[in-house]
Structures are given as structure tokens and as C-alpha cells.
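The values are calculated or read from the model by the stated rules, or taken from the named source; none is laboratory data. The model shown is predicted, which means the values in this text are computed figures rather than measured ones. Here the Cβ positions follow ideal geometry from the backbone for every residue, glycine too, while neighbour counts run over all protein chains shown.
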Amino acid sequence: MATAKDADRVRPALTLSKEEREVEVPEPRLNWMNQSREWGIRVKPGKKGLTLGSLNVGLYGEIPMNWPDRTRNPRGAIGVTGSPPVAIQIKDKVDLWAPCAADLYEEAIQRRWAPATDVDWTAIHPLPEDVERAICQVCTEICQYAIIDVEVITSWQHQMAYGYHEVKQFLATTSLDATRRHEAFRKRALVNGGGLGYEGPCQVSRLLLESRGGWTETVTGLTLVRGLFTQVMIRYLTRFAYNGVERKIYECVTQDLARLLTYGIEHIKYALGHAPDRQGSIFTTLAIGMRMFNRDLRDPVLREALAIIFGGGIPGARNEGMHVFYEMLDEYVQELLSACQYLRLPVTMEQLPRVLQKDQRHLPGD
Amino acid sequence: MDQQLQNGSEFELDLGWMEKQGEWGVHAEPSKNGLTLADIQVGGYADAPDESRNLSGKPRGAVSRPGSMPIGNYTVRTKSEIWLENASFLYEEALQRQWSSATDIPWDTIEPLPDDVEQAQCQMATFLTEVEFVAGDVPSRWASQMSPDFYEARNVLMAQVMDEARHMDVFRKRALANGGGLMRATGATAGFVGGIDLARDFTEMSSRLHLSGEGAVLTIFRMGELMAYNDAEKAIYRLCAQDEARHVAFGVMHMRYMAANAPERREEIDSYLDEAEAGMLTDAANPAGQLNQTSESLSIMLGGGRKYFDEGFRKLVSIRKRQLQEYQKRVISAGFGERFKNGRSRLHDMLANVAN
């Protein structure tokens with residue numbers, strides 16, 4: 001291979017036919033040369049390599065508040081005019097931006113994992129049938145959450161302007177994360193003498209899929225309702241894992257979800273910081289999300305399955321397991337309220353459904 | 001609740017859901033490659049339906065809940081519209097071969113290049129950044145419209161979306177790493193009729209994106225040795241070629257499945273191939289095509305500088321031929337080789353006039 005120094009003299013060989021050697025060569029126009037908005041950029045790799053965020057130098061780092069260009073011109077390139085537009089709907093930075101997106105993108109790539117090989121599937125052993133059924137039921141519902149996450153994210157990604165490529169690229173990692181989450185939990189359900197369970201209720205999923213008005217509102221549901229709850233649930237599942245297989249899956253999924261939550265919360269913060277009038281719609285979306293979540297929680301299936309896991313079986317589920325389940329809900333509420341406080345969203349415990357209020361909930365058996 | 005526990009009373013459990021679980025007693029076994037998607041194709045869980053009636057997003061094989069709402073709004077619900085036989089393999093390979101443009105490319109091997117070569121590299125990097133956007137966004141949009149009963153195929157597309165995000169970023173990095181910058185976009189992926197964006201059918205989109213579009217780019221990446229001036233560029237082309245080969249394989253294998261299982265659509269697919277062939281050398285999305293912005297920059301890269309343009313152009317012509325020949329092999333492999341015998345394909349004429 002040629003080096004920089006002899007680039008103008010030595011090129012690798014490509015055997016050309018006689019006909020190819022005799023091709024008549026047109027005179028080059030070269031009208032594309034010397035066409036750059038900023039030349040002479042030399043970004044050097046840092047201790048984390050050459051990262052996406054480090055490219056934001058000079059005009060390449062100028063990220064405007066509005067990106068009206070509906071073509072695929074890369075940010076900083078000389079654009080093409082007169083092309084038919086593509087279907088880009090999100091053109092304002094406030095509608096998708098999070099300052100951490102480029103870092104989260106690189107982190108996602110560094111922390112990639114493969115359920116097939118990063119989990120020691122031989123480390124699983126038969127469990128009592130009630131526990132196995134409960135785990136398989138929880139796996140089924142988490143699979144369904146992941147399926148919906150993919151559909152939600154991918155239905156928005158292509159609508160986002162290319163000037164904000166950091167967000168688009170980060171979202172590509174999140175949909176692969178969700179794909180892998182579906183894969184990992186499906187594998188767990190089918191590896192230990194069990195199978196998939198009963199389809200979960202769909203009210204929160206419905207909220208996420210039907211939230212067509214704005215990505216920020218979708219992110220509100222995806223992060224503060226579905227994502228945060230799933231994160232807390234998986235934290236509790238880690239505490240009560242029955243083997244190394246489950247522990248490893250939960251550990252990896254927790255990392256993946258943490259990035260989605262970070263993006264989501266930071267995006268909402270950015271949106272509220274730059275468009276305070278959005279607070280009303282975000283607040284209302286969250287309130288609707290809580291109602292949908294409440295409807296899903298009325299369904300006993302996930303609650304009972306988790307209680308069986310936490311209680312070590314059906315007998316334990318009737319007291320200790322259910323106690324842990326409600327402790328888990330309380331932890332979710334605390335995290336939700338903390339996030340709202342960080343976002344300066346005026347959400348209080350009293351505004352939440354009664355089942356989420358420790359002192360107000362009607363318990364099964366009351 | 002605490003009081004209830006202290007009183008010793010217990011929560012009542014319904015547990016009716018335990019009688020509503022899917023096929024039970026499944027023991028998927030890991031193989032030498034770990035526990036792969038292929039390994040969990042056991043019992044009824046292996047069966048993707050010919051027509052999916054799953055509109056609520058439930059995992060395939062889970063028991064339906066009566067009254068669940070059709071929130072999925074899936075437009076792709078027929079197996080032949082999306083299926084391919086080796087999706088599980090392609091997906092697992094994609095996960096195993098993920099790479100990082102930040103740390104897997106030896107960026108420190110880049111040294112200053114002559115200005116004409118650097119400009120050519122940067123123009124090509126600008127173009128590739130631009131076209132990788134479409135290769136990520138379009139599969140992403142389709143994935144949101146596919147029944148999860150065909151999750152294996154959907155998973156491959158999600159891996160592709162990730163691959164394309166990385167391609168966008170690695171070519172942007174290349175443009176900004178060596179004293180250059182981004183140059184002029186081409187508009188190659190604008191919303192033209194017959195473009196990848198506007199396809200209303202998945203197979204139509206796949207024929208344009210995977211078979212002809214990415215196929216042409218794959219040939220270029222495979223020639224990366226001829227265009228690379230340092231180990232960083234060499235690694236970029238090699239790793240992108242690995243990814244691109246999977247995407248092309250998706251298209252070929254999907255079309256093969258379609259040919260075998262939906263013969264009534266063969267004529268329609270031949271029409272897509274007619275369009276693909278017509279645009280193969282004229283379409284701006286092929287960097288080795290006739291758009292001077294990309295073909296001239298490639299010629300400079302291949303020749304070793306502006307003053308070796310002629311030599312580079314002749315190599316470019318050779319690469320065009322390879323693109324056409326590789327396309328032909330893929331179409332034959334997909335089960336549509338008859339078009340090269342019955343006179344429908346224009347490929348023979350195109351090969352004869354490849355320099356024009």
C-alpha cells in the first residue's frame with residue numbers, strides 16, 4: 001500500500017484488460033475541487049479515540065437552532081439546492097436535542113454486547129415450576145416492551161433533520177439495544193424448560209405509539225413512564241436473580257436502559273430550558289402516561305409474577321413477595337419525582353394514581 | 001400493607017395467567033456459537049406465520065390477550081414480504097462484528113496527503129456520509145411497520161441501522177481528521193420517484209437499497225485497498241465492507257425467498273430490477289457512476305493524484321465492470337437469472353459501454 005509520502009508515485013496494482021487500458025479518458029471537469037465551507041480541519045484522537053463529539057470544531061460544531069434543509073446534506077457540507085425534499089418533520093433543535101447525545105452514542109458502541117456469547121447460558125439450572133413460570137411471564141412482558149420501544153423509536157428517527165445527526169446516530173443505538181433486549185429475554189424464556197407467557201396489557205404502549213404530536217412528548221412517556229419503571233423493575237430482578245444468566249442479562253440491560261433514560265431526561269431538560277412554554281404539554285403527557293400506567297397496573301399478571309420471583313414461589317408471593325413489589329413501585333415513584341424535580345416539572349405525589357401513593361393505595365385483599 | 005403483613009394476612013393471588021402461557025417445557029440448547037437465534041427456534045416458537053394477525057406487538061409464541069388493542073398498525077404482515085432464510089445468522093454475525101469507529105480505526109496512521117488526494121478523499125467521504133443516511137433511515141422506517149412475528153428479519157434491519165450510523169460517523173471522521181473538511185453534497189438520495197425513500201413496498205425498497213445501491217457501494221469498499229493511503233483508510237473500507245456484505249446478503253436472500261414463495265410477484269420484481277439496471281451507472285447514488293463529482297474523486301484516489309487521473313479513470317472503469325458483474329451474480333443467486341438469458345436485462349449492453 002502506498003504511504004502519504006509516495007502517494008503521487010506508487011499505487012497498488014489492478015490488472016486491467018487490454019480493452020480497459022485503451023479506454024478513452026474524458027477530460028475531468030474538477031468543478032467540485034476547492035469547494036468546502038471550511039478546510040484545514042485536523043481533529044486528533046483523544047484518550048477515548050476519535051469520538052463523534054470531538055468532530056464539533058469550527059463551523060462543523062455549529063449546531064443551529066433550526067435546520068430547514070430537507071435533504072441529506074451532512075452538517076458543514078456545501079448543500080445541494082433544488083432537490084426534491086425527503087420527509088423530514090423535526091427541524092428544530094429544541095424538538096430533539098440533548099447535549100450528551102454524541103457521548104452516549106460512543107458509550108453505546110463501547111459497551112456493546114451479544115446475548116448469544118456474553119451470557120454463560122450453561123450456568124442455568126432448573127427452577128421450581130412456579131418460579132420458572134413467573135420468570136417467563138416477566139420475560140414475555142419485557143420482550144413486549146422492547147418490541148414497542150423499537151417501533152416507537154424507529155417511527156421517529158427518519159423524520160429528524162440531518163443537521164442533528166448526533167441524536168439520530170444515538171437513536172440507532174437505542175433501537176439496537178431494544179432489539180437485543182427482546183432477544184435476550186426471549187432466549188431466557190426458552191432456555192430453562194419454560195416458554196413464553198401471556199401477552200401484557202397495552203395502555204402505556206398505546207400511549208407511546210399514538211403519541212404522534214411531538215418527539216419530546218413521546219420521549220416523556222418513553223423515559224419517565226415506561227423506561228424508568230422498567231429500569232427499576234430490572235434493578236429489583238437483579239436483587240432477586242436466581243442464577244448468573246439472569247444476573248448478566250439484567251446487568252447489561254440496565255446499562256443500555258440507563259443511556260436511553262439519560263438521553264430522554266436531558267432532552268426534556270433541554271426542551272424546557274429553550275422552550276418553557278412546552279412545560280404544559282410535557283406535564284399533560286406525563287399525567288396521561290400515569291393514567292395509562294395505572295390501567296396497566298390494575299392487571300394482576302405482572303404484579304403476581306414479580307411477587308412470585310421476589311418471594312421465592314407462590315407461598316412467598318402472598319406476603320413478602322408482594323411487599324417487595326410495592327416497595328419497588330415506591331422506588332419508581334421516588335425516582336420519577338426526583339427526575340421531575342430535576343426537570344422542574346411541578347409533579348407531586350398527590351397527583352399520581354393512588355396505587356403509586358404509598359399511603360393511599362388500595363391493596364389486594366383490603 | 002405493612003399492617004396487613006404484621007397481622008399475618010396474605011394477599012390474594014389470581015394466578016389465572018399461569019394457565020394461559022404458551023408452549024411449555026422448552027429447553028433451547030446453546031451451540032458452539034453460544035445461544036443463537038437459530039438455537040431458540042424450537043417447538044412452536046420456530047414457526048413464523050405466513051400471515052401475521054399480531055397487531056398488538058406481542059412476542060411471537062406468547063398467548064394473545066382477548067381484547068388487546070391493534071396498536072401495532074403493521075403494514076408488513078405477510079411472511080413473503082419480508083422473510084429470508086438466514087436472518088438469524090445475519091443478525092448474530094452483525095452483533096459479533098460490531099466495531100467502533102472511535103477506537104478500532106488506527107487514526108494515528110493518517111499522515112498529510114497531497115492536496116488533490118485529500119480533496120478527493122474528502123469529497124468521497126462527504127458523499128458516503130450523505131448516502132449512509134438513507135441506508136439507515138429507510139430500514140428504520142420499515143422496521144416500525146413490520147409485524148414482530150417476523151422479528152428475525154426485523155432484527156437484521158435494526159443491526160443495519162446501527163451499522164449505517166457507524167458508517168456515517170466514520171466517513172465524517174475521515175473528512176475531518178487529516179487537514180481537510182467536508183465538501184459538496186450530491187443530492188443523490190433526494191426524494192425522486194424510483195428512489196429508495198419513496199418505495200411503497202418493502203421488496204421494492206430492498207431491491208433498490210440492498211441489491212443495487214449497497215451492492216454497488218460494496219464493490220467500492222472491497223476495492224478499498226486501491227483507494228487507501230494509510231492503515232486507517234484501509235481499516236475503514238474493510239470494516240464497512242463486512243457490514244455492507246450483510247446488508248446485500250439480506251436483499252439477495254429476501255428476494256430468493258420471495259421468488260420461491262410468491263411467484264405471482266416475479267414480474268413485478270423484474271420491473272424493479274429493470275429500474276435498478278437503468279440507473280446503475282447513471283444514478284448519482286453509485287459513486288463509480290457518471291456523476292463527475294464522485295467519479296472524478298474516485299479516479300484521483302485510484303490513480304494516485306490529479307496527474308494520474310487517466311490511470312485512475314481506467315481503474316474506475318474496471319470497477320464499474322465489477323459492479324455490474326457482481327450485481328449479475330447476486331440477481332442470479334436471488335433466483336432471477338433468467339432475465340440475463342431472455343434479453344430482458346440491459347446488462348450486456350451496459351458492460352460493453354461501461355466507459356461512457
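Before moving on, here are some points about what is shown:
- Pick from segment A:73-114, criterion of a type in the set (D, E, K, R) and over 17 Å from the mean Cα position of the chain (by Cα), ranking: nearest to residue B:125 (Cα to Cα): A:75
- Some residue of segment B:220-235 being hydroxyl-bearing (Ser, Thr, Tyr) and part of a helix (DSSP H, G or I): no
A quick yes/no check of all residues on (1) in contact with a helix residue (DSSP H, G or I) (Cβ under 8 Å, 6 or more places away or on another chain); (2) of a type outside the set (A, V, I, L, M, F, W, C); (3) within 14 Å of chain A (Cβ to nearest Cβ):
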{"position": "B:305", "(1), (2), (3)": "yes, yes, yes"}
{"position": "B:310", "(1), (2), (3)": "yes, yes, yes"}
{"position": "B:314", "(1), (2), (3)": "yes, yes, yes"}
{"position": "B:319", "(1), (2), (3)": "yes, no, yes"}
{"position": "B:325", "(1), (2), (3)": "yes, yes, yes"}
{"position": "B:328", "(1), (2), (3)": "yes, yes, no"}
{"position": "B:334", "(1), (2), (3)": "yes, no, no"}
{"position": "B:341", "(1), (2), (3)": "no, yes, no"}
{"position": "B:355", "(1), (2), (3)": "yes, no, yes"}
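- Entry remark, segment A:98-140: residues being of a type in the set (Phe, Trp, Tyr) and touching a Leu at 6+ places or on another chain (Cβ under 6 Å) number 2 in total.
- Taken together, the criteria exclude residue B:159 from residues that are hydrophobic (A, V, I, L, M, F, W, C), without any contact (Cβ under 8 Å) to a residue 40 or more places away in the chain and at the interface with chain A (Cβ under 7 Å from one of its Cβ atoms).
- Of all the criteria given as (1) surrounded by 21 or more Cβ atoms within 10 Å (Cβ to Cβ); (2) more than 30 Å from residue B:113 (Cα to Cα); (3) without any contact (Cβ under 8 Å) to a residue 24 or more places away in the chain, the one not satisfied by residue B:211 is (3).
- Given (1) exposed (fewer than 15 other Cβ atoms within 10 Å of the Cβ); (2) part of a loop (DSSP other than H, G, I, E, B), number of the condition residue A:75 does not satisfy: (1)
- Within segment B:52-95, tally of residues that are within 24 Å of the chain's Cα centre (by Cα), without any contact (Cβ under 8 Å) to a residue 60 or more places away in the chain and surrounded by fewer than 20 Cβ atoms within 10 Å (Cβ to Cβ): 2
- Between A:213, A:193, the distinction of being at positive phi and among the small types (Gly, Ala, Ser) belongs to A:193 only.
Results for (1) farther than 30 Å from residue A:61 by Cα; (2) part of a helix (DSSP H, G or I), shown as yes or no for each residue.
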residue	(1), (2)
B:171	no, yes
B:174	no, yes
B:177	no, no
B:182	no, no
B:186	no, no
B:199	yes, no
B:205	yes, yes
B:209	yes, yes
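- In segment B:171-197, the qualifying residues are those that are more than 7 Å from chain A (Cβ to nearest Cβ) and over 22 Å from residue A:33 (Cα atoms), and the one that is modelled with the highest pLDDT is B:196.
- Which numbered condition residue B:289 misses (of (1) away from chain A (no Cβ under 14 Å); (2) of a type in the set (Gly, Ala, Ser); (3) within 13 Å of residue B:213 (Cα to Cα)): (1)
- Scanning segment A:38-67 for residues that are within 7 Å of chain B (Cβ to nearest Cβ), surrounded by 15 or more Cβ atoms within 10 Å (Cβ to Cβ) and either in a loop (DSSP other than H, G, I, E, B) or touching a Leu at 6+ places or on another chain (Cβ under 7 Å) (or both) yields A:38, A:39, A:41, A:43, A:45, A:48, A:50, A:51, A:52, A:55, A:60.
- Test: residue B:124 is touching a residue at least 60 places away in the same chain (Cβ under 8 Å), among the hydrophobic types (A, V, I, L, M, F, W, C), within 26 Å of residue A:54 (Cα to Cα) and assigned to a helix (DSSP H, G or I): yes
- For segment A:101-115, the criterion of a residue being facing chain B (nearest Cβ under 10 Å), in contact (Cβ under 8 Å) with a residue 12 or more places away in the chain, out of contact with any helix residue (DSSP H, G or I) (no Cβ under 6 Å at 6 or more places or on another chain) and not in a helix (DSSP H, G or I) is satisfied by no position.
- Once segment B:27-53 is narrowed to residues that are farther than 28 Å from residue A:129 by Cβ and not in a strand (DSSP E or B), the residue that is nearest to the other protein chains (Cβ to nearest Cβ) is B:33.
- A single entry from A:347, A:333, A:324 fulfils the requirement of being in a loop (DSSP other than H, G, I, E, B) and at pLDDT 95 or above: A:347.
- Residue that is nearest to the other protein chains (Cβ to nearest Cβ) [pool: residues in segment A:188-216 that are in contact with a Lys or Arg (Cβ under 9 Å, 6 or more places away or on another chain) and in a helix (DSSP H, G or I)]: A:205
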